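Working notes, structure below.
The values are calculated or read from the model by the stated rules, or taken from the named source; none is laboratory data. Because the structure is predicted, anything quoted here is derived from the model rather than measured. A quick note on method: Cβ atoms are made from the backbone with ideal geometry, for glycine too, and the neighbour counts reach across all protein chains shown. Side chains are part of the model used for accessible areas, which takes the heavy atoms of the whole protein and leaves out ligands, DNA and RNA. Shrake-Rupley method; radii C 1.70, N 1.55, O 1.52, S 1.80 Å.
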Amino acid sequence: MDLAVIVLDQILTSIASLILISIGLAVIFGMMRVINLAHGEFIMLGGYTVITSVNAGVNLWFASLVLAPLVVGAFGFLVERTIVRFLYGRMIDTMLATWGLSLAMVGAVTMIFGNTTSGVSTPLGSMAFGRYELSNYNFALMGVAIVTTAALWAALRFTPFGIIARATMQNAQMVGSLGVNSAHVYAITFTIGAALSGLAGGMIAPLSGVLPSMGVQYVAKAFITVISGGSAAVAGTLSASTLLGTLDTGTTFLTTPVFGEVSLLIGAVLLVRAMPQGITGSLFKGST
Amino acid sequence: MKPKAIIETQGLVMRFGGVEVLRGIDFAIEYGELRCLIGPNGAGKSTFFKCITGQLRPTAGSIKFKDEWVTAADAVSIARRGMGIKTQVPSLYDGLAVREHIRLAAGRHLMRHEVAAAVDDVLERFAIRHLATQIVGRLAHGQRQLVEIAMVTASDPDLILLDEPAAGMTHQEVERLAELIHELKGNHSLIIVEHDMQFIQMIARRVTVLHQGRILLEDDVDHVMRDEQLRDVYLGRRTHGRDVSKT
Amino acid sequence: MTFRNSVVTALCVAAAAATIIILPHVVELFTIINATIYASMAILTLSLALVWGFCGIISFGQTAFFGLGGYAYAVAAINFGDSTPAIALALLVPTLFAGLLGYFIFWGRVTDVYLGVITLTVTLILYKLFNATAGDAYHIGKAALGGFNGIPATPLMNLPWDRGTTLEPEDIWYVAATLLCLAYAFVRWLLSTKLGHLMIAIRENEHRTELLGYDPRRIKLAAFTIGGAMAGASGILFANCVFVSPTMFSLLYTAQVIVWVIIGGLGTLAGPIFACFLLQMITAELGRLNWLNPNFVLGIILIAFVLLMPSGILPTLQRMYDKITWPILLQKSVRKRPAQ
């Protein structure tokens, strides 16, 4: 019985992590169809923001929940204005430019911070549960994941900007003739996606520390999750993360972490093969 | 002896989500026949074409092509059995030259040494030899239509489907097209979807009228032209040279 | 082929042969080994240039076949003690894998982004699997897989008729460079055949190709399998001039190949090869100079490239060439050059 709770905790944490690292990309790629190969580096930037500010005395929660999204969001805005906005609709060029951006970011961070891992300790301690210990930080992760997903979904569904953003992604010309400046919409949407990635980085930093090259482990998983999820940004990410996270953790418990990750990947392959338009392209059509 | 049907559909139904586009089509044409298919936009003409070419799987009903049931067959296998289609929106290789198009089409069923001659023959018949090295993406709409028809003919199908072949063509091109179709008739069977009534009168013998997913009327072209109801409401924009939409 | 084309081709072949033969005599060993590495990566790049540029298959998985070729060679060479059957086996493994993966993908009608994801994921799976093979338990026959460190002592190729004579680095350069030329010639030839034309037709308009009666799945499978075989061959070469490790499956290598194809010009063959050599040389030089962080400099170069020269080096050069030569050649006619 205790073990079941532990497994559940791990599964939920795994799902929450997947959601967090993917949600920013779900906005940028899922909605805007921009292949951002620097996505992992946006997460990395969020992590470094937290580590640096905590070492300078800032409260961890403030750093993770406020500073990291702000900093990375601002950076994202800059990137959109100077690079991405010239490349909309040009998939290959976007891939190349964002890969260049990823390299440049890794290089810049290495130059500034050096090549070693730094970290902060995981806050909130742990909770005893039978023979096991649950890290309370997992609950924080789950909480942030839930709140973020819900907030994004509500924003897209109910707020004026959310509706405009979704309309712009479907038909920018139409929206333009209604008086909306689509360039502004793209800029803001990209910024939001970047901010969400920053948030993810901020939340993950206490768990694994930061390293200039840490982005690479997240970008592939994030893409796989978002694409398996299909065209609906929120519903897709949610369903794909749930499926893949459960698969990963479940298999890890039965075998090893390596096989856990591999099963996640195999699961994604089978998923895309069975549903060539992603989960929300085949089921749950019309969701956000 | 009763002439055989080259293609026959029975009770063909096509439903998308909640919309029933084809509501039970019983249709047949004979070997060597030329049939025109007309009807207002949304009647289901292009959908009908998509079903019989295998691009869409019908919701219900059956299709028989050359005495074989092909209801569940896919587009590739139906094309290989001898059906060619010029689609409503021209589907071409915008980056390739005209000659390449004809060569690709002819190359599927001919041996390598026969292809060159066949290509020249088609270019000659359609009078597009002067366009042979032109990149198709740069041609005018009417020329693109002609190239696509030439390409489809080059694959030597038994049944040729043309979806609005005269659209965007000049009057001269339309006349030449009518001649070409007369030449093709007999050796090939044709089903042609069109809105241009003058063109239809140049080429057709029998006309099938589709409306709201059902066959409304199937008769000789003269009788169809004279049908009052049709003329006022269902036939395109022109009859006997008059534009009825302004009436 | 016109006479002019024949002359140009003959000149190119002669120049290539001369370069290949002369190079080891004028540069040092270190440079030769680097050149061999570049040549093997160029074959890998060529495989993606074919599969993506000419058949429209967005494969993020060429490195999967690259790594499989390398590992298959290393394992086979250690077990057989003779490189000739090892090479045969090492070509078979990635080709078979490409065939199976291709069947899985194309018969499932998976296309563009989703295809990219599947191929990327497969590469990642292989990376993680091979990375976890540290320890004595993981071995195939006499070859220990070595986990993250890979297989350090890969036996180098020997003469097919004399397993005792191993090839020197210069010899491996000859093999690699010649293979690159042969691969290029092969792909050019392939693209001139009916299958090659069909690959291009699929890339241009798959639907129309179907309607003409060609099965796109088979054509794509053929392209994908040939590309897999080429990538596997490049892996064998790589095993002979570097060493075999899970890094061959890494996202870094995957992305680099994609970058080289894009910069060289998607839809061309010579461009990506050129870009592959150029960018690797630039990266090596940046690493040596240690002036700014090499990743940073390379990243800025890429971004600038995209914003300034988006269609690739070769097409841009071609356009510049056209702009200069056309007016001269067409002085007589009044024909206006169509807009780009």
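For the reader, a short list of remarks on this structure follows.
- A Förster radius of 51 Å, combined with the Cβ-Cβ distance separating C:A137 from C:Y103, puts the computed FRET efficiency at roughly 0.95.
- Peptide C:121-131 - average C-beta neighbours from other chains (10 Å radius): 5
- Which of C:M41, A:M111 is most accessible, then next, and so on - probe 1.4 Å: A:M111, C:M41
- Each residue of the range C:260-272 is assigned a 3J(HN,Hα), and the resulting list reads 4, 5, 5, 5, x, x, 5, x, 10, 10, 5, x, x Hz, derived from the Karplus form 6.51 cos²θ - 1.76 cosθ + 1.60 (θ = phi - 60°), x at Gly and Pro.
- Distance between the pseudo-spin-label points of C:L182 and C:F3 (7 Å out from Cα toward the beta carbon): 3.3 nm.
- Summing charges over neighbours of C:A177, with a neighbour being any other residue whose Cβ is under 13 Å away from its Cβ, gives -2 when K and R count +1 and D and E count -1.
- Accessible area of A:Y48 in the full protein assembly, 1.4 Å probe (Å², nearest 10): 10
- Residue order for A:D9, B:D156 - accessible surface, 1.4 angstrom probe, largest first: B:D156, A:D9
- Positive minus negative residues near C:L308 (Lys, Arg vs Asp, Glu; Cβ under 15 Å): +1
- Taking Lys and Arg as +1 and Asp and Glu as -1, the other residues whose beta-carbon sits under 11 Å from that of C:G108 total +3.
- Partner shielding of A:88-101 amounts to 6, given as the average count of beta-carbon atoms from other chains within 10 Å of each residue beta-carbon.
- When each of C:K128/C:K220; B:K86/C:K194; A:K221/C:K220; B:K4/B:K64; B:K66/B:K185; B:K86/B:K185 is checked by Cα-Cα distance, pairs over 21 Å: C:K128/C:K220; B:K86/C:K194; A:K221/C:K220
- Once both labels are positioned 7 Å from their Cα atoms along Cα-to-Cβ, the gap between A:Y132 and C:S192 label points is 6.6 nm.
- Sequence ranges B:191-199, B:106-114, ranked by mean other-Cβ count within 10 angstrom, highest first: B:191-199, B:106-114
- Shape of the range C:91-155, Cα gyration tensor, a/c cut at 1.5: prolate
- Estimated dipole of the range A:6-282 in Debye, rounded to 20 [Cβ of Lys and Arg +1, of Asp and Glu -1, Cα centre]: 500
- Per-pair calculated FRET efficiency, R0 = 51 Å: A:R90 and C:V13 via Cβ, rounded to 0.05: 0.90
- For B:85-91, mean number of other protein chain Cβ atoms within 10 Å: 2
- Two-site label geometry, A:S213 and A:A167: point separation in nm, points 7 Å out along Cα→Cβ: 4.8
- Gain on full extension, evaluated as 0.36 nm per residue between C:A304 and C:E168 minus their Cα-Cα distance, stands at 44.9 nm.
- Value of relative contact order over chain B, rounded to a whole percent, pairs C-alpha under 8 Å and six or more apart: 25
- Contact order relative to length of the range A:6-282, as percent, for alpha carbon pairs under 8 angstrom and 6 or more apart: 36
- Relative contact order, percent, chain C [alpha-carbon distance under 8 Å, six or more residues apart]: 29
- The range C:212-252-the range B:22-41 distance, computed between alpha-carbon centres (Å): 49
- The range C:8-257 shape via C-alpha gyration tensor axes, a/c threshold 1.5: oblate
- Dipole axis of the protein assembly as shown (+1 Lys, Arg; -1 Asp, Glu on Cβ), positive-most option in C:F186, B:Q172, A:L8: B:Q172
- Note on exposure: A:I15, B:I25 ranked by accessible area (1.4 Å probe, complete protein assembly) read A:I15, B:I25, with the most exposed listed first.
- Gyration tensor verdict on chain A (Cα atoms; rounded if a/c is under 1.5, prolate if a/b is larger than b/c, oblate otherwise): oblate
- Distance from the alpha carbon centroid of the range A:25-102 to that of the range C:4-30 works out to 46 angstrom.
- Positive dipole terminus of the range C:8-257, leading residue within C:G70, C:A153, C:F106 (C-beta point charges): C:F106
- Using a probe of 1.4 Å on the protein chains alone, the accessible area found for B:T87 is around 20 Å².
- At least 24 Å along the helix axis (C-alpha) and Kyte average at least 1.0, DSSP helices within chain A: A:2-25, A:91-113, A:136-158, A:182-208, A:257-274
- 1.4 Å probe accessible area per residue over the range A:69-226, in Å²: 44
- Close amide H partners of A:G209, meaning residues 5 or more places away or on another chain with modelled amide H under 5 Å apart, are A:V120.
- Projecting the Cα atoms of B:H113, C:I118, A:V175 onto the charge dipole of the protein assembly as shown, computed from C-beta unit charges around the Cα centre, puts A:V175 farthest toward the positive end.
- With DNA, RNA and ligands ignored, accessible area of B:E175 (1.4 Å probe; Å², nearest 10): 90
- Between the amide H of B:L216 and those of B:V209, B:L210, B:H211, distances stay under 5 Å, these residues lying 5 or more places away or on another chain, with hydrogens modeled in the peptide plane.
- Phi angles across the range C:230-245 convert, under the Karplus curve 6.51 cos²θ - 1.76 cosθ + 1.60 with θ = phi - 60°, into 3J(HN,Hα) values of 5, 5, x, 4, 5, x, 4, 4, 4, 4, 8, 10, 10, 8, 8, 8 Hz, Gly and Pro given as x.
- Computed [θ] at 222 nm, deg cm²/dmol, the protein assembly as shown (DSSP H ≥ 4; -39,500 (n - 2.57); rounded to nearest 500): -20000 deg cm²/dmol
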